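Here the structure is laid out as C-alpha cells; the discussion comes afterwards.
Nothing in this text is a laboratory measurement; each read-out follows from the coordinates by a stated rule. Given the structure is predicted, the values throughout are model-derived calculations rather than measurements. All Cβ positions, glycine included, derive from the backbone under ideal geometry; neighbour counts span all protein chains shown.
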Amino acid sequence: MLKNFLVLFIVFTGLCSCGSNAVYRIEGKLANLEDPLVYVVYEGSGDKKMDSVICHSPGKFKLELNQEGFHSATLFFEKKTKSVTVFLEPRQKISITGNLQYPLLLQIKGGRINDKLTAFYKTISVPLKEQAELITLLNAQEETSSRDTDLTSRLTNVNHQIEEAALAYICDNPKEAASAVLIQSYFVIPDDTRKLEELLAVLDPQLKNFYLVKELIEYSVRAKRTALGAEAPGFSIKNIYGKSFSLDSLKADYKLLAFIAPWCEMCQTDILHLDKVSKNYDSGKLQILLISLDDDPQEVRKFLKEDSIRWNVVTDSANQAAALLDLYNVSVIPRCFLIDEDRKIILKTDNGAEIMQTMDNLLKK
C-alpha cells in the first residue's frame, strides 16, 4: 500500500511541476486597469506575432506563447494608451504587478534583464512618478497657458534627471544587457548619433551579439546615412503614372523629398506649405517628390485631379514608399529632406516655412 501511495505521489508532483507547456508565459495583476482587453506584440529576429487576452478578473491576465524565437513582448493597456515591454527567456515565467498609473514602476519579475531594470527604476521612483503625473496633466490641458509652460519646464527637468540616472547606470554596468535597453530608451536621437555611439562603446564587448546592441549599431549606421552633410542615398523607382526615375534624374539644382501620408493631418500639402514651396520656385531651381504612405495609387490620382499642382508622387504600391522610408531612416512623418546640387542633405525638417527660408537664403548666394 505504501508503494502505491509513493507512485501516486510521484505522478501527482510530476504533473504539478510540469504546469504549462508554453515557451513564454506572462502573468499580470495590475491596479488601475479599467479596460479588460490587453494586447501584446511579441518580437523576434525579423518576426512579430500579435495576440490579445481578456482579464479573467479585474486587473489579472495571463498570456502564453508556444512558439520559440522571440526576445521581447510589448503589452498595451487602456485602448493602447499605455504600454510596457518585457524581455523574454524560454520557459521563464514573467510576472507583472503594480499600479498601471506608473508603467515604468511596475514590478516585472522573471529574467535577468527584467529584474535589473525593475531594480533600477525603483531607485528613481520619485522622478518617474513625477514624470507620469506631469504627462497626464499636460495631456489634459486643452489650451496653451502659462501653466502649460511651467509644466513643460518641470517635465524637461525631470526628464533630464532620469536620463542622468540612466547614464550613470550604463557607465557603472557595462556588462548588463539592461544597459543596452536604457540606451535605446533614452539616448537614441534620430538626427544626432554621437551620444548613441559613445555609449555603445562603453558596453562590454561580450554584449556585441545581444540582439538589441546589434539593432542599435544598425540604427546608427542608417542614421548617419542621412545625417546633415551626408550624400543622399540613390534610388530607382516609379511614380503613380508609371514613370521610372532616380534621384539623379531630378534635374533641378535642389531636390525636396517629402514623406507624407493621407491619414496624417500635418502631412497635407497646404498645412505643410508644400503648395507654397512648389509655387515659389521654378522647376529648374527646385523639384519636389512626394512619397506617400498609401497603397492605393488610384485614390491618389483622384485626389491629384482636384489639385492645381501636378505633383510627382510615389505611393506604397509595390512597397516603393516603404523602401524609401527605410532607405532614408524616416521614423516620423511628415519628414522633408532638402538635397543640394552635390547630392548633399542640407536640411531635414517637417516645416515648409523652414524650407522656403532655406531656399531663399541659398538663392541669394
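Computed over all pairs of different Cα atoms, the Kirkwood value for the hydrodynamic radius of the range 140-225 is 14.4 Å.
DSSP bridge analysis restricted to the chain gives an antiparallel fraction near 70%, rounded to the nearest 5.
Per q in 0.10, 0.12, 0.16, 0.17 1/Å, what log10 I(q)/I(0) does a Debye calculation on the alpha-carbon atoms of the range 236-364 return? Debye output, listed in q order: -0.28, -0.40, -0.75, -0.86.
The chymotrypsin sites (Phe, Trp or Tyr not before Pro) of the range 45-106 include none that meets both criteria, a DSSP state outside H, G, I, E and B (loop) and at most 15 other C-beta atoms within 10 angstrom of the site's C-beta. Helix 2-18 and the longest principal axis of the C-alpha atoms of the chain enclose an angle of approximately 10°. Applying the criteria of a DSSP loop state and at most 11 other Cβ atoms within 10 Å to the GluC sites (Glu not before Pro) of the range 36-75 yields Glu68. Starting at 0 and stepping by 10 Å, how many percent of the alpha carbon pairs of the range 29-172 end up in each bin? All Cα pairs, binned at 10 Å, distribute as 10, 34, 34, 18, 3, 0 percent. Against the chain, whose longest principal axis comes from its Cα atoms, helix 352-364 is set at around 40 degrees. In plain terms, if you count all Cα to Cα distances in the chain and split them into 20 Å steps from zero, the share in each step is 22, 47, 26, 4, 1, 0 percent. Annotation for the range 247-326: GluC sites (Glu not before Pro) lying in DSSP loop with at most 12 further Cβ atoms inside 10 Å of their Cβ are Glu306. Mean projected area of the Cα convex hull of the range 94-189, taken over all directions, amounts to 6.8 nm². Rounded to the nearest 10 degrees, the angle from helix 112-123 to the longest Cα principal axis of the chain is 80 degrees.
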